[in-house]
Amino acid sequence: MSQSSEDPKTGSCEVCQQSAARRCSACKLVFYCSEDHQKSHWKEHKNVCRPFEVARCAEVGRYLKATRDLNPSDIIFTDTPIVFGPKPHRVDEGQFPCVGCCRLLDDQTCHRCPGCFWPVCKPDCQGIKVATLHGFECNILRLRPPSEAKSFYEYYRFDVLIILRALYLQKTNVKKWETMLSLQDHLRERGPNSKVYKSIEEKIYLLQQNYLDPLRNYEKETGQSVLPPVTSEVIHKIYGILDVNATELTEDIDGVILYPTASLMEHNCIPNTVQMIDEKDNLRVTYKAALPIKKDEHITTMYTHILWGTSARRHHLRKTKYFTCKCKRCQDPTELGTYLSALKCLGTENEPCGGVQLPINPTESNCEWACNKCGIKLPNKEIMKFVHHLNGEVEKMMAKRPKVEELEDILGKLLKFLHPNHYLVYSIKHSLVQLYGNEGGIEASSQLLSEKQKMCEELIAITRRLDPGNARLSLYLGVLLNELFIAKFKLFSRNFDAEKKGEFSDTVKDIENILEENKLVLQHEIGSTAGSKLLEVVCQNEAKFKNWMDSENVNVV
Ligand SMILES: C[S@@+](CC[C@H](N)C(=O)[O-])C[C@H]1O[C@@H](n2cnc3c(N)ncnc32)[C@H](O)[C@@H]1O
């Protein structure tokens, strides 16, 4: 039941294996040679066919609802992109995308597309020639009249390219064009008085002046029709649709992808699906159940950052997706018992009482915070200002690839004010565990390894609570499990006494379980470069561990 990058038109009949052109219209994954064979196979196929339907409610609009019980790892659907391209937001400095494949580049003296001279990762980048990627827009970009020298980022406005790609759908795939226009655009919230409207107007002006007007002149001169006429309202709509629905790629590829079915999924801060994008299969996405999903339950995904605290997540969702989230995590001041946003209570006159400050009602913007021990209250504004300041300090530090001492220094400062599970503390500790024992080529002390092990275990516990189905944090968890393995294996091999082999069987089992769990967790990341690299490392570590066991003659049944 595998699908190739372009959905095949024929296959072999599920019943008689003859060549077949009739496809199941629900899942589009299986073929039949005749109606009779399709009908006779339905009793069996219905158990694996598309397990959801599109439903609608006043609160959320359209959403996906399970039509049968689903178990973790069950495939819910796969989707191919409607459109893919550079992010629709301006790049002002730093890295910029290759116009062929959106891989990030940082050297302005990079290779150039021979047609339009825009930056590419390599002269033969696959995307340059693909019509729906750079192929079509290249013809338009090269019509731009020579202009006075502008700075690199002012000239190469990567943010408008995705609109040209979307407009091209009118010519290449009317069905995709119509599907795109049927998606939620939130134009009401993005009206003329909004901040976003003004920035889109600026983009439309640029698009018109530099690309669409020269194109219209070209069409007049040659009598060819390249693109149907388009109004600025339609361009506003497309930007709205992209901002509300598109999936962002953030690793080494820096683009956005709009998928048809995935765009109908509802948000939840505890998502019950995992999204797997296959870079090697034309960015096909597969959604699998991450948690058990009962028939009639909503099938959900995550639009924001799972490691952000409630206030930051809700702010992001309000500003970019125009709704307020009311999920279980958002309503719980402790965020599922993780205390991810909690501050230490400084009590009165900076005399700590040992309690923690938590929002009284986190779904109410501007809610007061109160200590869970002494009850002292603080205004939301004060807390937000303080956390914002600390966040700035952390971002500044992380931008310069800090060393262990610098990370420990900022961690010490954060821990004076924040709960040890606070998300800023989590991010510093996540970096620290990767450096402990790996810096400077010096053999780590057993004390440092024990510290590393303890930190990994604490972070793993938080990660599991936040993301019980490994829907979003599998790479984070994979890194932690790998560092935990390193610490435990080093400590074990140091303390190992060949005379007392039997006493170590629990430790061996424990280490084997960590490796096994990590291989399962990283299955979710197999389509990403970082995930597949880490999986390779885990497999190498497993081989090292087995070799060591063999060399020491340790046999645990
Ligand atoms: C990607 S679209 C999802 C499909 C959309 N409901 C529709 O009818 O086209 C995102 C939009 O759905 C709505 N939405 C998604 N999750 C929601 C939630 N948990 N609560 C309220 N609205 C939600 C918001 O309007 C959001 O901007």
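The values are calculated or read from the model by the stated rules, or taken from the named source; none is laboratory data. Being a predicted model, the structure only gives us computed values, none of them experimental. Note: ideal-geometry Cβ built from the backbone for every residue, glycine included; neighbour counts use all protein chains shown. What goes into the accessible areas is simple: the full protein's heavy atoms, side chains included, and nothing from ligands, DNA or RNA. Shrake-Rupley method; radii C 1.70, N 1.55, O 1.52, S 1.80 Å.
Between LYS39 and PHE117, the modelled label-to-label distance comes to 6.6 nm, taking each label 7 Å out from Cα in the direction of the beta carbon.
Pairs of lysine residues in region 175-316 that meet both criteria, 8 or more places apart or on different chains and Cα atoms under 21 Å apart, total 7.
The distance linking region 352-369 with region 505-557 is 42 Å (Cα centroid to Cα centroid, whole angstrom). Region 439-524 gives an Rg/Rh value of 1.02, both radii derived from C-alpha positions and Rh following Kirkwood. Cross-link partners of LYS490 among lysines, defined as those whose alpha carbon lies under 24 angstrom from its own and excluding same-chain residues fewer than eight positions apart: LYS403, LYS429, LYS452, LYS454, LYS500, LYS501, LYS509, LYS519, LYS533, LYS544, LYS546. Our summary of shape: the Cα atoms of region 10-123 have principal axis extents of 62, 44, 24 Å, ordered from largest down, in whole angstrom. One way to sum up the overall shape of the chain is the equivalent ellipsoid from its Cα gyration tensor, whose semi-axes run 43, 32, 27 Å, largest first. Computed over the chain, the per-residue total of -39500 (n - 2.57) for DSSP H runs of n ≥ 4 gives a 222 nm mean residue ellipticity of -13000 deg cm²/dmol, rounded to 500.
The relative contact order of region 296-432, computed from alpha carbon pairs under 8 Å that lie at least 6 residues apart in sequence, is 21 percent. Using Cβ point charges alone (K and R +1, D and E -1), the dipole size of the chain about the Cα centre works out to roughly 1500 debye. Here r is the Cβ-Cβ distance between HIS316 and VAL537 and R0 is 30 Å; the resulting FRET efficiency, rounded to 0.05, is 0.40. With contacts taken as Cα pairs under 8 Å and at least 6 residues apart, the chain reaches a relative contact order of 12 percent. Note on LYS373 and CYS353: the model spin-label points, each 7 Å out from Cα along the C-beta direction, lie 0.9 nm apart.
Seen against the Cα atoms of the chain and their longest principal axis, helix 529-551 is set at about 30 degrees.
At 1.4 Å probe size, with every protein chain present, just tell me what the per residue accessible area of the chain comes to in Å².
Working: 28360 Å² over 557 residues.
Dividing the accessible area of the chain by its residue count gives 51 Å².
Share of carbon and sulfur in the accessible area of region 83-257 stands at 51%, probe radius 1.4 Å.
Roughly what angle does helix 446-466 make with the longest principal axis of the chain, taking Cα atoms, 0 to 90 degrees, to the nearest 10? Orientation of helix 446-466: about 50 degrees from the principal axis.
Using all pairs of distinct alpha-carbon atoms, the Kirkwood hydrodynamic radius of region 501-557 works out to 12.3 angstrom. Expressed as an acute angle from 0 to 90° and rounded to the nearest 10, what is the orientation of the C-alpha long axis of helix 213-222 relative to the principal long axis of the chain? Computed tilt is about 40 degrees. Bridging of LYS319 to aspartates and glutamates at a Cα separation below 14 Å is possible for ASP185, GLU189, ASP243, once same-chain residues fewer than 8 apart are set aside.
So, with a 1.4 angstrom probe, what is the percent of accessible area on region 265-398 that is carbon and sulfur? Carbon with sulfur: 51 percent of the solvent-accessible area. Choose one of ASN245, VAL356, PRO72: the residue whose Cα lies farthest towards the positive end of the charge dipole of the chain (beta-carbon charges +1 Lys, Arg; -1 Asp, Glu; about the Cα centre). Towards the positive end, the residue furthest out is ASN245. Report, in whole Å, the centroid distance computed from the Cα atoms of region 407-421 and region 20-53. Taking the Cα centre of each part, region 407-421 and region 20-53 sit 56 Å apart. Two numbers describe the Cα atoms of region 83-257: Rg and Dmax, which are 15.6, 45 Å.
Within the straight-line cut-off of under 21 Å between alpha carbons, the lysines reachable from LYS39 are LYS9, LYS28, sequence neighbours fewer than 8 places apart in one chain being disregarded.
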